[in-house]
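Q: Once you've had a glance at the structure underneath, I'll fire off some questions.
Read-outs: derived from the displayed coordinates by stated rules, not from any lab. For clarity, every value in this text was computed on a predicted model and none was experimentally measured. Neighbour counts run over all protein chains shown; Cβ positions are idealised from the backbone, glycine included.
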Amino acid sequence: MIVERCEHPDWLSNAYLLADGPGGHGVLVDSNGLTAELEEHAHREAIEITHVLCTHGHPDHVVDIEEVARRVGAPLLAHPDTAVAADERMDDGTVLQSGELTIRALATPGHCHDHLALVVDETHCVTADVLFRGTVGGTSGPDGDLAELKHSILEVLLALDPETIVLPGHRESTTIGAERATNPFIRAWLDGEGLTELPCRVSGEDATLLLWAPDYDGGHKALVRLGSGRETIVGGSRVER
């Protein structure tokens, strides 16, 4: 299988070309404004793009995605609640065929309600903004939900084969097995590793720091308990330790 990735230099968001081989068929996944290089690669390798797929509707993943679909002449598929002009809906259990590739959509809410992961040939999984190398997605957005995120990771993604290659929404790839073994958030949720109960402030308000861990951008992410009692995952820049 061909896997090509382009990463935005500022947002660090990924877009992907996944194909069954030169002269075959493939899909584009998400759009960070730099998909022209993926389209050029497909053209050079005589790959026919059959679908453009959207994992979720956050701005750094849907830059001009409708135009990308028009340009390559393929239908745009997205979760029915994603605010893009999709040609077809895609939700939990949707199965697509692109040449020899079989793509299965999994509902993975938590970072946002409309979030989907895409399992490709049962060997790769586009996890987008739920699971990254060494970290997980934040839940502090308007439709973020920590309980949903934990279910999506621990019950849905970790149920995949440990050798499954993870293609995240930001930065480099990893595997399901590697994240089970070393991801600080997963280790904390499974075995309590690294959990603390330290006072902190989040956006100027008193809170409790439960976990402090590296993030994909070189900064940190934190699991915190807010004054209201709600637990959530926030960017480290919002935390005063």
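Q: Given only helices, namely DSSP H runs of n ≥ 4 each adding -39500 (n - 2.57), what is the per-residue ellipticity at 222 nm of the chain, to the nearest 500 deg cm²/dmol? Present the calculation step by step, with values, prior to reporting the outcome.
A: Values: 5 runs with 38 residues, N = 241.
Calculated mean residue ellipticity at 222 nm is -4000 deg cm²/dmol.
Q: Counting only C-alpha contacts under 8 Å and six or more residues apart, can you give the relative contact order of the range 194-241 as a whole percent? Intermediate results must be reported in sequence, preceding the final value.
A: Working: 97 pairs, mean separation 16.5, N = 48.
Relative contact order for the range 194-241 comes out at 34 percent.
Q: Then there's this: How much net charge surrounds S228 when only other residues with a Cβ under 15 Å from its Cβ are counted (Lys, Arg +1; Asp, Glu -1)?
A: Numbers: positive: R201, R225, R230; negative: D145, E205, D206, E231.
Combined, the nearby Lys, Arg, Asp and Glu give -1.
Q: Give the span of the range 121-169's Cα atoms along each principal axis, as three whole-Å numbers ordered largest to smallest.
A: Cα spread of the range 121-169 along its principal axes, largest to smallest: 33, 19, 18 Å.
Q: When the Cα centres of the range 123-194 and the range 1-31 are compared, how far apart do they sit, in Å?
A: Spelled out, the Cα-based centre of one part sits 20 Å from the other.
Q: Taking each pair of distinct Cα atoms in the chain once, what is the resulting Kirkwood hydrodynamic radius in Å? Write down the numbers at each step before the final one.
A: Values: mean 1/r = 0.0550 Å⁻¹.
Averaging 1/r across every pair of different Cα atoms and inverting gives 18.2 Å.
Q: If I build a Gaussian network model for the chain, linking alpha-carbon pairs within less than 10 angstrom, which residue out of L223, L198, L28 has the largest mean-square fluctuation?
A: Result: L198 has the largest fluctuation of those listed.
Q: Would you list K150, K221 from fewest to most Cβ contacts within 10 Å? List each step's numbers first, then the result.
A: On the way: K150 18, K221 27.
Final ranking by Cβ density, sparse to dense: K150, K221.
Q: Separate question: Over the range 1-128, what per residue volume does the convex hull of the Cα atoms give, in whole Å³? Write out the running numbers ahead of the final one.
A: Working: hull volume 11.4 nm³, N = 128.
Dividing the Cα hull volume of the range 1-128 by its residue count gives 89 Å³.
Q: Could you work out the relative contact order of the range 161-241, using alpha carbon pairs under 8 angstrom and six or more residues apart, expressed as a whole percent? Each step should come with its number before you reach the end.
A: Details: 135 pairs, mean separation 15.7, N = 81.
This gives 19 percent for the range 161-241.
Q: Given a cut-off of under 8 Å on Cα pairs at least six residues apart, what relative contact order in percent is computed for the chain?
A: Values: 592 pairs, mean separation 29.5, N = 241.
Relative CO of the chain lands at 12 percent.
Q: When a footprinting reagent is the concern and you count Cβ atoms within 10 Å, what order do T108, T127, T196, T232 take, fewest first? Each step should come with its number before you reach the end.
A: On the way: T108 28, T127 33, T196 12, T232 20.
Least to most surrounded, the residues fall as T196, T232, T108, T127.
Q: Taking N as the number of residues in the range 194-241, what value does Rg over Cα atoms divided by 2.2 N^0.38 Å take?
A: Values: Rg = 9.7 Å, N = 48, 2.2 N^0.38 = 9.6 Å.
Rounded to two decimals, the normalised Rg is 1.01.
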